[in-house]
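A.B. asks: The following block contains the structure, expressed as structure tokens.
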Amino acid sequence: MSHFAEGRRSPNAHSFPRILLCGETALSVEFGDDIHPSIIGRVHALSRALRELGHPGILELNPTYRSLFV
């Protein structure tokens, strides 16, 4: 019997970063559930790295306190 069938969470249920699809053209990269300076730092580091790539498919980057919307 799987852990899901027994009502237990997956061992990775709260692993970060977590990537969530947002429709067909966007995604959200979550770095935590709390507002904390280290999480904000990771969000902004990813935002800078993606911006520096200059990939034409990345049209917009929206950082929040705990995630980056791409």
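The values are calculated or read from the model by the stated rules, or taken from the named source; none is laboratory data. Computed from a predicted model, the values in this text were never measured in an experiment. FYI the Cβ positions are ideal-geometry reconstructions off the backbone, even for glycines, and counts take in every protein chain you see. These accessible areas exclude ligands, DNA and RNA; they are computed on the full protein's heavy atoms, side chains included. Shrake-Rupley method; radii C 1.70, N 1.55, O 1.52, S 1.80 Å.
A.B. asks: Which pairs do you get when a residue that is touching a residue at least 40 places away in the same chain (Cβ under 8 Å), found in the stretch 26-53, comes within reach of a residue that is in a helix (DSSP H, G or I) and crowded, with 17+ Cβ neighbours inside 10 Å, reach meaning Cβ atoms under 9 angstrom, with the pair 6+ apart or on two chains?
C.D. replies: Cβ pairs passing all conditions: V29/V43; V29/L46.
A.B. asks: Oh, and also: How many of the residues making up the stretch 30-45 are more than 10 Å from S67 (Cα to Cα), assigned to a helix (DSSP H, G or I) and open to solvent by 50 Å² or more (accessible area, probe 1.4 Å)?
C.D. replies: 2
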